[in-house]
Structures are given as C-alpha cells and as structure tokens.
Amino acid sequence: MDTINTPFPRLFQSLDLGFTQLKNRLLMGSMHTGLEEEKGGFKRMAYYYAERARGGVGLIVTGGVAPNRAGWIAPFSIRLSKSSQAGQHRLITNAVHDNDSKICMQILHSGRYGYHPLCVAPSKIKAPINRFRPRELSRSGIASTIKDFVTCAALAREAGYDGVEIMGSEGYLINQFIVQKTNRRKDEWGGTFKNRIRFPLEIIRGVRKKVGNDFILIYRLSMLDLVKNGSSWDEVVELAKHLEAAGVSMINTGIGWHEARIPTIATMVPRAGFTWVTKRLMGKVSIPLITTNRINMPEVAEKVLADGCGDMVSMARPFLADPYWVEKAQEGRAHEINTCIACNQACLDHIFLRQTASCLVNPRACRETIAPFVVTSKKKHVAVVGGGPAGLACATTAAARGHKVTLFEAAAEIGGQFRLARNIPGKEEFEETLRYYACQLEKHGVDVRMKCRAELSEVKDFDEIVVASGVRPRTIRIPGADNPICLSYSELISGKRQAGRRVAIIGAGGIGFDVATFLVHHQSTATELNQFMSQWGVDMSHSTPGGLKKAEFTISDRELYLLQRKSTKPGAGLGKTTGWIHRSALKKNGVKMLSGVEYLGITDEGLGIRHNNETSLLSVDTIVICAGQVSELGLADELKAGDVAHHIIGGASEAAELDAERAILQGVTLADTL
C-alpha cells in the first residue's frame, strides 16, 4: 500500500473496485433530506451534494428512491420508474462529477413501513410504527417488484449515477422478506432461509445483468436486526456470500430496524459502537465491506480501519454538520471540523415531521442555495453580548464574513447552556461544539472578553449590537421554596451543589429529563461499549436471531420522582426520534414519573403534592427545580431605555423552551444580514 502524507493514512488510501477506483475510504451515507419532494428540490440537492463532493468525499450515496409507487415512504415521495424522471437526476450527477467525486443512488422500497394505504409486504403484518396494514404481495406482484428494482437501477445509470445501493436493511421491504418475523409465506418466497433470500438475490442478479459489470452495486445488508426473530449470524454470513456471487461490488452495514427499541445512532451510543459487527464479517467475503454508525471524527474513522472493522467508513450526519470534513482531515485541520453531536434534532426529527432536514450545528445544511455564505462588502464593528450557542454562532459567522467582532461573556468560559449539557451522561459530544466555536473565534480574530459583563457605555457606539445573554432558571412560587433542600438544575449540573439519595424533580421537560439522567447515572468498571450493549440487551456474540439478549441494567440506588403540572405524559416535548430512548432509560432505572401534579408545599420532610385527587408527602431530601427559564435582559432593557438599536437572539429572545437548534439558526441568520 502507498504511504499517504496525512495524519490519517488509511482513510486516504484509494479503493480499487476493478473497473473503477475510489479516491479515499470515506463514503457519505444515505440520508433522506426532504429536498427530494420539494419544489425545485433537485437544484438544491445538486448544490448540497456538490458541496460535499468539493469537500473531498470519495463516494456519495443519495437518500432512498422508490422503484415504484407502492415503495413510496409516503405519498408523492421520490421515485424513479421512467425515463422522463431521469433527466432531473442529471443535475445531481453532473454537479458531483464536476467536483471530482462519485455518486450512487439508493433504491429503497419501504414495504410495510410505507406511510400510505398502497404499502405492500411479503406477509400482511402491520408494523408497530405504522398505522397502515400492508397488502401481501402476490407471486406476480413479487415478479413485477423485482422488475421495478432492475428498471430503477437502469434508469439510475441513464441519469449518470456511478452505481446504486440496494437497501436491504433497516426493516424495509427486502429485509422483511429475509426474516421470519415478517415473512410468513408458505410458497417459494417464504419458509426456508433459501426461499426467503431469493427476493434480494433475484434483484441483485437482475440489476447486475441489466447495468453491466462497470457499475457500482452496493448492497445494504442488515448485519444486526435488533428485533426478535431476525437473522442469525450464520444467515448474515450466508447471504453475504450469495450476494458476492450474484455480483455485488461492496456490502454496506445496516444496524437495527426502525422499530427496534435499542438506540443505534443517538448521541448516547458510543462512538463507532457497532463497527464490531462489520468486523465479524471481514474475511468471510472478498469484496469490500463498509462499516458505519456513530463515526464522527477522523481519529475514530482511522482507528476503525486500523482495527480491521471495515474496508471503508460510511458517515451521513457528519457531512450535514461539516461538508468539508474530508478536506479538513486530510490537511491536518481536524480541530476545525464542525462535529456531528448525534442530537437528531434538525435532521431525523425534521424528516419524521415531514420537514426539510438541516443540522443543529450547521443551519446551512440543505439550505445552501437559500442561505449562502457571502463575504460582506461593508465591514462593521459588531458587539455580541453572550457566549452561548446563539452568541457564538452569530459572532463566528459575522467574523467569517469580514466584520470586526467583539464578544462579551460574563463567565470564565464560553458555552452558556452547552456548558451544562456536556455534563449530562450521553451528551458529552456537546464539548465538540464548544471546541469548534473556540477554534472559529481564534481563526477569525474575534476579540473575546471573558469574565466581562458588558455595560451600556461599552457597547453603545458599536455599529451593531447583538444581545445573546441567554437565560437563568425560573424560580417557583411554592410555599417553602426557599428551603435549603431546594436547588436549581444549574447548581446541580455544574457541581456547585450535590443531591441526596431521595430526590424530587419539579418539571419534566427536556431539562428535567437531563437532570434525572444525571442523577441515575451509574459509573461502571466495564468499558463504555460493553456497558451500553449490556444495558440495552445487545448480544455481541450474535448467538441469537436478531442479536438480542436480556438487558442487564444497573439500577440506581437513588429514589427519584420526576414530576410535572401538565397532564400530558412526561417528556411529550422531547425529540421525535430520541424521546423514547430517554423515557425508556429512566423507567429502567425505576424513576417514578407523575403528571398532573399539584405542588402543595416544601418542608424539611419533603414535598407535599396532590395527585389523582390524593394528598401525599414525598419524603425526599433534595428537590431540584427544573421549572423553566427566564430571559436575561438587563442590558437589552438598558439599550431599549436609551433608544439604542440592537438585536436580541437565543434564550434572551425566547426562554420558554431551551432550543439550541433555534438559537444557532438565529445567530447565523442574523449574522448573514449584518
């Protein structure tokens, strides 16, 4: 192998596929963005993919494209089934090729996950995450579906794609044929494993025959289903060998079905937490294997390759966070990477709410054409008051555009609420965002004044004044609220005060859940990876079909109550794709969650409440107040009183619900207009 002059030599080795060569070992994995269905979306997608190609990624895989109407994820979602639809795809392929990269189109048939009444499946079994019951495919329906996959692949070639990825994992149609959980057929397409894998193999053989041998054919193989009655490890290996024989160029790793109740890509999942699965398959086939899931920084990706966990590394969301990830890594500027923190807030949560995806730490993602970065033609002196997420986003963006920026921060460290968030078990990645902003402040010459509470006299003569002073915890009006057993969430998480063994948390929003997670966290002597897999019931020996085992959760010795006034279920406002994880973890730890609580009073003995028309005393020695926040507006009020023009962003403008996504977006958006 050639030695590459880079801090990450394995990442930047080329990969020879025989008929073509990839310039590095980095693949931008498939991710639906919502642009696929928007008016003018192809032009926006072309710019979106082109920027990642410009950033140096070796191979891109698009979001899933249905081969027919029944395969739609939802009505009128993207599909490719006739030549008239291929032309618009050339906007994408030309843009990527013009920027020296390659791109494959993913063909995805949703099967019983299709959110529409036309959905089909091998058997008439409704998915637990879908309200629609699928129609069982007939023999002729199966034959026509295979033909549609082949036609879709041929059209992808016509559209200029370098290849296709056949989506055979995550519980979609092909995966549904493979496992007994969803395939109860008695004909030649069900029953034995040989019959159940006939569907994917017929697709692969048909596609390879149609497109020829000089076309990349990736198969996304579910190597760990994480559902009962999923594939056994022997079946995974057998299918992989058949796929190679059928003409697959590479095999990509799929982890977990969408209905699986185990986190696979959320921030609490250890980095590279599932690469061991791909490693088990290494050497069983001779074609390249692609490993994936929670790989977000170059040193992690390099180690994955060094440890023999794959021939190539796939990342999706990290390229939302930073389109120039590859270029920065190759040039030894990894410290400048805007790291994906796996929060899911602006990407997956948006998609599941039928919105266009973006990124919490990079609001320009998927908005490149409507919010382009433009260097200013009129340099201004800008004061930004507050170094939380909103202030940091505004200060660094304004400075990068060419403005002279002074950042005032009352604390000794930047970060605002992110300083607290990084202390929550499972949210350690937030530290990466603070590292990135610190780097950007230095790179763009921002005058940072720490431990400096800005005064009116200091800022009134700036050309632009931005108040991003954040929030402070809201006080509560409950009799006895001044009792020493009460403390605020910020006092607890920052380490200023400690909690006892019996704790009541007042407020069950996002911060309440964070506090509960903080309090029940158990330090284990096991490695982070082994602890995670044990707690969530993942069988790392893959000796059971689906890779599940009994979870071994270490219960906290704390007695914990999570309370809220609202009658809705606790955590109703948590993220669409991660809320269930937090609720599940706390329930496993024995946290008692109560809604519709009336607070009667606080004494040395604990917290008096009324719940379900019954009065009781919670005998606790600590009460943590998570009852919301109020905006810090001291300077803003002075500016207003003095009739001095200013802008207010972040928590200072709206404190009802802490929202880092909104804060960073506001910061960038305002900086773009200055």
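Does R208 satisfy being among the basic types (K, R), assigned by TED's automatic domain parsing to the domain that holds P128 and within 28 Å of the chain's Cα centre (by Cα)?
Judged against the criteria, R208 is not a match.
For the range 446-477, a tally of residues being among the aliphatic types (A, V, I, L, M) and either farther than 17 Å from Q629 by Cβ or out of contact with any strand residue (DSSP E or B) (no Cβ under 9 Å at 6 or more places or on another chain) (or both) returns 8.
Let's see how each residue does on (1) assigned to a helix (DSSP H, G or I); (2) small (G, A, S); (3) more than 30 Å from M533 (Cβ to Cβ):
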| position | (1), (2), (3) |
| --- | --- |
| K194 | yes, no, yes |
| I218 | no, no, no |
| D234 | yes, no, no |
| E244 | yes, no, no |
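Among the residues of the range 406-430, those identified as surrounded by 16 or more Cβ atoms within 10 Å (Cβ to Cβ), of a type in the set (G, A, S) and under 27 Å from G445 (Cβ atoms) are A410, A411, G415, G416. Restricting the search to strands (runs of 3 or more DSSP E) fully inside the range 463-528 and requiring at least 3 residues that are more than 23 Å from P425 (Cβ to Cβ) and either of a type in the set (K, R) or over 28 Å from the mean Cα position of the chain (by Cα) (or both) gives 464-467. Filter the range 39-84 down to residues that are farther than 25 Å from E327 by Cβ and among the hydroxyl-bearing types (S, T, Y), then give me how many there are. So the count comes out to 4.
Here's the yes/no breakdown for (1) among the aromatic types (F, W, Y); (2) in contact with a helix residue (DSSP H, G or I) (Cβ under 7 Å, 6 or more places away or on another chain); (3) in the same structural domain as I60 (by TED's automatic domain parsing):
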position	(1), (2), (3)
Y324	yes, no, yes
K328	no, yes, yes
E336	no, yes, yes
T396	no, yes, no
K404	no, no, no
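Inspection of the range 507-519 finds a residue satisfying the criterion of being over 21 Å from M268 (Cβ atoms) and touching a residue at least 12 places away in the same chain (Cβ under 8 Å).
Scanning the range 274-324 for residues that are in contact with an Asp or Glu (Cβ under 7 Å, 6 or more places away or on another chain), without any contact (Cβ under 8 Å) to a residue 60 or more places away in the chain and either crowded, with 22+ Cβ neighbours inside 10 Å or under 22 Å from E336 (Cα atoms) (or both) yields a total of 1.
Does L441 satisfy the criteria of being within 26 Å of the chain's Cα centre (by Cα), assigned to a helix (DSSP H, G or I) and closer than 28 Å to G628 by Cα? So L441 does not fit the description; no.
With the condition kept exactly as written, say whether any residue in the range 587-610 is buried (at least 21 other Cβ atoms within 10 Å of the Cβ), under 22 Å from Q535 (Cα atoms) and either free of Cβ contacts under 8 Å to residues at least 40 places away in the same chain or outside the structural domain of E259 (by TED's automatic domain parsing) (or both). Taking every residue of the range 587-610 in turn, at least one turns out to be buried (at least 21 other Cβ atoms within 10 Å of the Cβ), under 22 Å from Q535 (Cα atoms) and either free of Cβ contacts under 8 Å to residues at least 40 places away in the same chain or outside the structural domain of E259 (by TED's automatic domain parsing) (or both). A127 passes every criterion in (1) buried (at least 23 other Cβ atoms within 10 Å of the Cβ); (2) in a loop (DSSP other than H, G, I, E, B); (3) touching a Cys at 6+ places or on another chain (Cβ under 6 Å) apart from (3).
The listed residues are S286, S314, and the only one of them that is of a type outside the set (A, V, I, L, M, F, W, C), under 14 Å from V57 (Cβ atoms), assigned by TED's automatic domain parsing to the domain that holds M31 and modelled with pLDDT of 95 or more turns out to be S314.
Residues in the range 357-380 that are over 21 Å from L674 (Cβ atoms) and either in the same structural domain as N338 (by TED's automatic domain parsing) or of a type in the set (A, V, I, L, M) (or both): A357, L360, A365.
List, please: which pairs have Cβ atoms under 8 Å, are six or more places apart or on different chains, and start with a residue in the range 430-445 that is more than 20 Å from A383 (Cα to Cα) and end with one that is among the aliphatic types (A, V, I, L, M) and at pLDDT below 95? Close Cβ pairs satisfying both conditions: F430/A421. Looking at the structure I just gave you, is E259 among the charged types (D, E, K, R) and over 30 Å from H521 (Cα atoms)? Answer is no for this residue. For the range 107-123, the tally of residues that are surrounded by fewer than 22 Cβ atoms within 10 Å (Cβ to Cβ) and touching an Asp or Glu at 6+ places or on another chain (Cβ under 7 Å) stands at 1. The set of residues in the range 462-499 that are within 25 Å of F518 (Cα to Cα) and in contact with a Lys or Arg (Cβ under 7 Å, 6 or more places away or on another chain) comprises L487, E491. Residue-level analysis places A153 among those that are in the same structural domain as D187 (by TED's automatic domain parsing), in contact with a strand residue (DSSP E or B) (Cβ under 9 Å, 6 or more places away or on another chain) and over 24 Å from T356 (Cβ atoms). The single condition from (1) over 30 Å from V520 (Cβ atoms); (2) in contact with a strand residue (DSSP E or B) (Cβ under 8 Å, 6 or more places away or on another chain); (3) part of a loop (DSSP other than H, G, I, E, B) that T369 fails is (2).
The values are calculated or read from the model by the stated rules, or taken from the named source; none is laboratory data. Fair warning: this is a prediction, and the values are worked out from it, not measured in the lab. For neighbour counting, all protein chains shown are included, and Cβ atoms are generated from backbone atoms with ideal geometry for every residue, glycine included.
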